[in-house]
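These notes concern the structure reproduced below.
The values are calculated or read from the model by the stated rules, or taken from the named source; none is laboratory data. Just so you know, these numbers come straight off a predicted model, no measurement behind them. Reconstructed Cβ throughout: ideal geometry from the backbone, glycine too, with neighbour counts over all protein chains shown.
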Amino acid sequence: EPVVAVVVAAGSGVRLGEGGPKALRDVGGRALVAHALDSLAGGGVSRAVIVSRAELAAAFADALADAPIPWTLTEGGAERQDSVANGLAEAERVAPDSRYVLVHDAARPFVPASVVAAVIAALRSGASAVIPAIRVIDTIRVADPHPGEATVVDRSRLRAVQTPQGFDLATLVRAHDHVRSKGLAVTDDAMACEAIGEHVTLVEGSRDSLKITEPFDLLVAEAVWRRRTD
Ligand code: CTP
Ligand code: MG
């Protein structure tokens, strides 16, 4: 079955600062959103719904002139989850034959195709919600209310969650409807699925799939890209 991706790119990019919309920022002569579509297509995605601002339609068309898969643009919402919900509605419209959906941050342009493929493979083996995650490198402490005190967390149990997160499309739509109608606070789509009792499956992510948030991350992304094209 074909796999559709919802690529969210409707944030304000406040922490990255000046330089235009984050998804259209350049690394190695190519917009971040174009790199993201290359990665998704390489891992087996056949179509994309990009969620951003309609006024950027011409700029996206320009950046994605040589995109490897067909894509459409739809309007974002106030919070990331609103943007995902809009993207899912559009995905159901343009890709009614897609049983599976991948939800991906445009801000993670260099996810390896192998990670995308692993997410899709887990869906095809019957998982309804799949997330790539990596071990954390730093020792982590939970800050204590008492000044100067903190407790170390057992790092071996911690995982940092990445995207693309993969879902059975109908299940994710049902999960979104549920959290919206109940007014539940969730920070990602996997949490929304857990709220309707679905099990979340982890696959191995990659440090290449860093999320570009601050200017420092662009420096790292440039290096990741250079190594890839060496
Ligand atoms: N996103 C979105 N709609 C929103 C908020 C975020 O589509 N209302 C997307 C962003 O475009 C990004 C991803 O969600 O691809 C992860 O968000 P983040 O890294 O926080 O990006 P921004 O929200 O753009 O950045 P900032 O928080 O610094 O403004
Ligand atoms: Mg944000």
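Is it the case, given these coordinates, that residue 137 is within 30 Å of residue 57 (Cα to Cα) and of a type in the set (A, V, I, L, M)? Answer is no for this residue.
Residue 227 satisfies every condition listed in (1) away from ligand 2 (no atom under 16 Å from the Cβ); (2) exposed (fewer than 13 other Cβ atoms within 10 Å of the Cβ); (3) outside any helix (DSSP H, G or I); (4) not hydrophobic (A, V, I, L, M, F, W, C) except (3).
Here is a yes/no grid of residues against (1) within 16 Å of ligand 2 (Cβ to nearest atom); (2) without any contact (Cβ under 8 Å) to a residue 12 or more places away in the chain; (3) over 17 Å from residue 4 (Cβ atoms):
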| position | (1), (2), (3) |
| --- | --- |
| 44 | no, no, no |
| 48 | no, no, no |
| 74 | no, no, no |
| 80 | yes, no, yes |
| 110 | no, no, yes |
| 117 | no, no, no |
| 126 | no, yes, yes |
| 134 | no, no, yes |
| 150 | no, yes, yes |
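Consider the range 120-149 and keep the residues that are within 18 Å of residue 170 (Cβ to Cβ) and among the hydrophobic types (A, V, I, L, M, F, W, C). The one that is surrounded by the fewest Cβ atoms within 10 Å (Cβ to Cβ) is 122.
Go over the candidates 124, 108, 99 one by one and state the one that is basic (Lys, Arg) and either within 16 Å of ligand 1 (Cβ to nearest atom) or modelled with pLDDT under 95 (or both). Explain how you work it out, then say what you get.
Details: 124 fails: either within 16 Å of ligand 1 (Cβ to nearest atom) or modelled with pLDDT under 95 (or both); 99 fails: either within 16 Å of ligand 1 (Cβ to nearest atom) or modelled with pLDDT under 95 (or both).
Every option except 108 fails the conditions.
Of all residues in the range 195-223, those satisfying the criterion of being assigned to a helix (DSSP H, G or I), away from ligand 1 (no atom under 16 Å from the Cβ) and more than 18 Å from the chain's Cα centre (by Cα) are 195, 219, 222, 223. Specify the residue that is surrounded by the most Cβ atoms within 10 Å (Cβ to Cβ); the eligible residues are those in the range 45-83 that are in contact with a helix residue (DSSP H, G or I) (Cβ under 6 Å, 6 or more places away or on another chain) and among the β-branched types (Val, Ile, Thr). The residue in question is 51. When residue 62 is tested against the conditions (1) touching a residue at least 40 places away in the same chain (Cβ under 8 Å); (2) farther than 18 Å from residue 188 by Cα, the lone failure is (1). Screening residue 116 on (1) hydrophobic (A, V, I, L, M, F, W, C); (2) more than 18 Å from residue 198 (Cβ to Cβ); (3) in a loop (DSSP other than H, G, I, E, B) shows it passes everything except condition (3).
For the range 152-163, residues that are out of contact with any helix residue (DSSP H, G or I) (no Cβ under 6 Å at 6 or more places or on another chain) and either part of a loop (DSSP other than H, G, I, E, B) or under 27 Å from residue 7 (Cα atoms) (or both) total 7.
Listed by first and then second residue, the pairs linking a residue in the range 84-96 that is at pLDDT 95 or above to a residue that is in a loop (DSSP other than H, G, I, E, B), with Cβ atoms under 8 Å apart and 6 or more places separating them unless they lie on different chains, are 85/77; 86/76; 86/77; 91/98; 95/2.
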